[in-house]
Amino acid sequence: MSASLPAGRGARARAIPGFRATLAVTLLWLAVIVLIPLAALALRPLELGPAGLIASLSEERVVAALGLSFGAALLAALLNLPLGLLLAWAVVRLRFPGRGILDAALDLPFALPTAVAGIALTAIAAPNGWVGGPLAELFGWKIAFTRAGVVLALMFVSLPFIVRTVEPVLRDMAAEAEEAAATLGATRAQTVLRVVLPGLLPALLTGFSLAFARSVGEYGSVIFIAGNLPMLTEIAPLLIVIRLEQYDYAGAAAVGLAMLVLSFLLLLAIELVQRRLRRGRR
Amino acid sequence: MTVEVRGVTRRFGNLAALDGVSLSVAEGEFVALLGPSGSGKTTLLRVLAGLEGTDSGTLHIAGRDMAGVPARERGIGVVFQHYALFRHMTVFDNVAFGLRVRRQRPPAAEIAQRVRRLLELVQVPELERRYPEQISGGQRQRVALARALAIEPRLLLLDEPFGALDALVRKEVRRWLRGLHDGLGITSVLVTHDQEEAMEMADRVAVMERGRVVQVDTAAALLREPATAFVAGFVGDAARLPCAVRDGVVRFDPLPIAPIAAALPDGPATAFTRPGEMVARRGAGEAQVRLVRDEVEGPARLVVGAGAAVLDAVAAPGEHFARGDSCLLSLSGAHVFSADGSRARAG
């Protein structure tokens with residue numbers, strides 16, 4: 001197309017007018033809401049000095065808490081992937097009585113105060129609870145007050161993120177593509193593996209990032225079920241609170257900074273994978 | 001491959017999308033399923049492809065009973081209405097799909113060679129690394145065709161394949177696709193609601209109405225001898241005129257059209273006329289010329305007002321009209337259907 005665009009100051013006409021004003025507002029907003037608080041978080045630990053910062057972060061208790069927070073968040077997001085996909089599939093593709101109720105119930109973790117979720121989960125998973133009791137008796141498994149409990153709580157709060165990111169993509173994915181695969185000779189399994197899942201992969205990864213990000217910072221639901229034993233079931237956000245209560249602001253900020261950097265690196269890595277997947281798509 | 005459909009019925013709830021459909025397609029033939037939306041043509045195509053089940057009736061393809069044979073084992077090429085390309089795959093991978101999912105998958109080099117040959121066949125060899133969203137509608141259609149042809153089908157099903165193309169490209173692609181059909185020697189079934197498309201491409205056209213195949217014939221035969229009032233009204237550019245028959249004479253009262261003879265039983269009837277069959281002559285009458293469009297060749301085309309009705313007509317040879325002239329209308333011919341379905345050619 002060689003149609004000439006209206007000549008303006010720039011060589012190309014822009015779709016949105018007022019580029020400068022828009023950019024100014026966006027940057028200002030970003031600065032006030034995100035950058036300035038983060039800068040404070042980055043500056044505060046420097047009071048400790050480089051050596052002090054390293055010492056503060058390499059305390060065994062800090063390392064264990066960070067390890068648990070990130071490990072449990074990753075594990076919870078990973079376990080939620082197949083579960084979330086299954087639920088999204090059920091909501092979009094299957095017709096059964098009670099589907100509407102299931103659909104609505106999926107959002108409950110969004111709405112419920114996380115402390116309530118924590119208490120409820122603890123009540124059923126505790127050794128004398130509905131689920132915890134039989135599990136302890138039959139298999140000798142303990143969930144509440146162990147790391148498994150932490151993962152369980154994180155799975156509960158982060159599940160809707162995966163379901164709700166996959167759902168619209170699945171809804172949008174025409175049944176025609178699956179029918180085309182069938183006419184080309186693909187079995188049901190080949191269709192799912194080669195057509196459906198690759199089509200959903202970007203959405204699954206986005207859901208995974210969101211679920212992970214939500215889980216890493218989760219506090220309310222975990223502290224009830226975890227038992228909070230230092231070195232064992234103490235999560236990093238709790239450690240921050242504990243340090244704050246001891247007026248160790250720089251130490252608290254140091255843990256916060258470590259979480260920020262680690263989260264950023266992980267999300268960046270996922271975003272890079274996303275970019276590769278989005279090749280060729282608008 | 002021959003296709004033999006006998007008495008196939010398919011219901012969705014209370015609605016019979018297919019209601020006792022029978023159709024046979026000969027080896028190498030190009031048949032179009034033509035009908036308005038909701039007439040069941042796409043459902044019939046999906047039944048052929050194995051994407052839709054049937055409630056009763058039989059389907060034989062190449063002599064083999066297709067009951068219980070799933071789509072993936074039929075080896076039928078299907079080009080879907082919206083192409084249904086795999087969005088996360090390149091054009092190359094899309095076309096290669098049918099070869100890669102085979103139980104005995106050919107070696108990669110052979111797949112590559114065949115994919116390239118197919119892309120050349122559909123005239124888009126340069127697109128192999130692109131993704132479906134990076135190419136135009138016409139290119140997508142060609143890729144979808146190449147993908148369907150990759151499994152070397154003997155039967156090709158096309159579901160409104162030109163719907164997304166603009167009129168100019170459409171005409172060209174129609175001829176090209178018909179040429180491809182002849183070159184490959186395959187059997188093709190095309191679904192369309194566009195009669196021009198059906199008549200230009202197909203050897204025979206199956207006209208569908210409310211889940212039934214009402215007539216299967218060549219384009220010329222459909223125009224010459226429409227089997228039902230529906231066919232007469234649907235194909236060609238026919239005008240529908242209410243009329244009544246008495247003593248072998250068709251009268252159009254209250255329309256000011258001269259009566260015409262037809263061998264039909266007495267009673268109400270419907271006449272269908274093609275644009276050239278309504279002729280206007282000079283003379284004092286109720287009809288009045290509203291618009292005149294002179295043609296390069298042949299008689300001028302007129303729009304005639306007669307009471308509340310507006311009719312298309314042509315000027316009688318050698319006569320000229322101006323807007324506002326009054327005229328007399330007569331028919332040089334018409335297909336007349338009486339209420340009981342019997343049919344006669346009048347004039």
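Computed values, structure above
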| quantity | calculated |
| --- | --- |
| Translational D in µm²/s for segment A:11-58 (Stokes-Einstein at 4 °C, 1.567 mPa s, Kirkwood Rh from C-alpha pairs) | 95 |
| Mean Kyte hydropathy of 0.5 or more with a Cα span along the axis of at least 18 Å, helices from DSSP in chain A | A:60-93, A:147-172, A:197-216, A:249-278 |
| Percent RCO, i.e. relative contact order, over segment A:151-282, from Cα pairs under 8 Å lying at least 6 residues apart | 27 |
| Length gained when the stretch B:R130-B:R116 is fully extended (0.36 nm per residue, less Cα-Cα span) | 3.7 nm |
| Normalised contact order of chain A, rounded percent, pairs of Cα under 8 Å and 6 or more residues apart | 28 |
| DSSP loop GluC sites (Glu not before Pro) with at most 11 other Cβ within 10 Å: longest gap in chain B | B:1-294 |
| Rg [Å, one decimal], Dmax [Å, integer] - segment B:4-121, C-alpha atoms | 17.0, 52 |
| 5 angstrom amide H check on B:D19, placed H, neighbours 5+ away | B:R10, B:R212 |
| Calculated FRET value between A:F19 and A:L277, using beta carbons and R₀ = 30 Å, to 0.05 | 0.50 |
| The protein assembly as shown: equivalent-ellipsoid semi-axes (sqrt of 5 x gyration tensor eigenvalues, Cα, Å) | 69, 30, 26 |
| Cα-based Kirkwood hydrodynamic radius, segment A:61-281, one decimal, Å | 19.1 |
| Tilt relative to chain B, helix B:108-121 - C-alpha long axis, 0 to 90 degrees, to 10 | 20 |
| Cut-off under 5 Å, modelled amide H: who pairs with B:I257 long-range | B:F252 |
| Selected from B:A238, B:I151, B:G35, residue furthest toward positive end of dipole (the protein assembly as shown; charges at beta carbon) | B:I151 |
| Backbone HN-Hα couplings from phi across segment B:212-223 [Karplus 6.51/-1.76/1.60, Hz, Gly and Pro as x] | 10, 8, 8, 7, 10, 7, 5, 4, 4, 5, 4, 6 |
| Antiparallel bridge percentage (DSSP; both residues within segment B:45-199; nearest 5) | 20 |
| Modelled FRET efficiency - R0 41 Å, B:A258 with B:K171, Cβ distances, 0.05 increments | 0.60 |
| Angle in degrees between helix B:167-184 and the longest Cα principal axis of chain B, rounded to the nearest 10 | 60 |
| Loop chymotrypsin sites (Phe, Trp or Tyr not before Pro), segment A:120-177 (other Cβ atoms within 10 Å of the site Cβ: 16 or fewer; DSSP) | A:W130, A:W141 |
| For chain B, built as a Gaussian network whose Cα springs stay under 10 Å, the top-fluctuating residue of B:G75, B:G179, B:G298 | B:G298 |
| Chain B: angle of helix B:91-100 to the longest principal axis, Cα-based, in degrees nearest 10 | 70 |
| Loop chymotrypsin sites (Phe, Trp or Tyr not before Pro), segment A:202-282 (other Cβ atoms within 10 Å of the site Cβ: 13 or fewer; DSSP) | A:Y247 |
| Segment B:230-278, Rg to Rh (Cα coordinates; Rh as Kirkwood inverse mean 1/r) | 0.96 |
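Only the coordinates and a few stated rules stand behind these numbers; no lab work does. Keep in mind that this is a model prediction, so the values were computed, not measured. Every residue, glycine as well, gets a Cβ built from its backbone with ideal geometry; the counts of neighbours run over all protein chains shown.
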